[in-house]
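Here is the structure we will look at.
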Amino acid sequence: MNNLIAPSVLAADFANLQRDIEIVNNSEADWFHIDIMDGVFVPNISFGMPVLQAIAKHAKKTIDVHLMIVDPDRYIQTFADLGADILTVHYEACTHLHRTVQAIKAAGMKAGVALNPHTPIAVLEDIITDLDLVCIMSVNPGFGGQSFIENTYKKVSQLKNLIEFSKTTCHIEIDGGVTNKNANPLIEVGANVLVAGSFVFKSEDPTATIAELKNIVT
């Protein structure tokens, strides 16, 4: 699989959100990555349903929604109705993960599961064949602009081995601290979706930065 680039809207300029959405639309990016935070599961609050609805109205690419919230089951159908193509929930927030994943698929979306930095890959052994995406958090969830956690490379390799052993296919997404310095090593160990927020939107030329990440050759 070719590597996919998913700029994180959390790092966009909220006063010029439509402008930044159009930048992504007209770039080599593949997905929009949208973080929804509730201030309970993570110590921060991000945008909610009305902002997602506004983004979806203008976005011309896959909408990848990452829920950092407690009890995500309550909102699965809502996010489907708002236009999410992929819905990712946190392993740590789901009591009945298999049921949650099946509900996401029943609502017509692809299902992803995110793992916090301290959560081992082994917890996915019994559900990996049901997943379309696994999001490995390479920073602690809640805030943008954090430093990349080096242990992520090992986790990506372990996940890649689990996917191959299970004879399934599944996107491996990396979220947090992704730059042109670690993108290539991440792809080499098995990642194929790179979420980049600050590195893209805080750069002088976001379009060129996206192109640089997209065209990294392993």
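Bear in mind that the values in this text are calculations on the coordinates, not laboratory data. What you are looking at is a predicted structure, and each value in this text was computed from that prediction instead of being measured. Backbone-built Cβ (ideal geometry, glycine too); neighbour counts: all protein chains shown.
Quick look at the values:
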item: In Hz, Karplus ³J(HN,Hα) per residue of region 188-204 (6.51, -1.76, 1.60; θ = phi - 60°; x = Gly, Pro); result: 4, 8, x, 5, 9, 10, 10, 8, 9, x, 4, 4, 7, 6, 8, 7, 5
item: Residue 114 long-range amide H proximity, modeled H, under 5 Å; result: 89, 90, 91, 135
item: Per DSSP, loop GluC sites (Glu not before Pro) in region 70-166 with at most 14 further Cβ within 10 Å; result: 125, 150
item: Region 163-178 - phi-based ³J(HN,Hα) in whole Hz, Karplus 6.51/-1.76/1.60, Gly and Pro as x; result: 4, 5, 4, 7, 6, 10, 10, 6, 5, 10, 9, 10, 10, x, x, 6
item: Approximate spin-label separation residue 179-residue 53, in nm, with each point projected 7 Å along Cα-to-Cβ; result: 3.9 nm
item: The chain: translational diffusion in µm²/s, Stokes-Einstein, Kirkwood Rh over Cα pairs, 25 °C, 0.890 mPa s; result: 144 µm²/s
item: Residue 77 versus residue 188: modelled label distance in nm, points set 7 Å from Cα along the beta carbon direction; result: 4.9 nm
item: Cα-Cα over 31 Å, subset of 105/181; 167/214; 105/202; result: 105/181; 105/202
item: Segment residue 98-residue 215, length gained on full extension (0.36 nm per residue, minus Cα span); result: 38.6 nm
item: Loop-located trypsin sites (Lys or Arg not before Pro) in region 52-82 whose Cβ has at most 14 other Cβ within 10 Å (DSSP); result: 60
item: ³J(HN,Hα) computed for each position of region 93-106 - Karplus, 6.51 cos²θ - 1.76 cosθ + 1.60, integer Hz, glycine/proline x; result: 9, 10, 6, 10, 4, 4, 5, 4, 4, 5, 5, 4, 5, 5
item: 222 nm mean residue ellipticity, helices alone, for the chain (DSSP H n ≥ 4; -39,500 (n - 2.57); rounded to 500); result: -9000 deg cm²/dmol
item: Cα centroid of region 6-28 to Cα centroid of region 79-119, whole Å; result: 24 Å
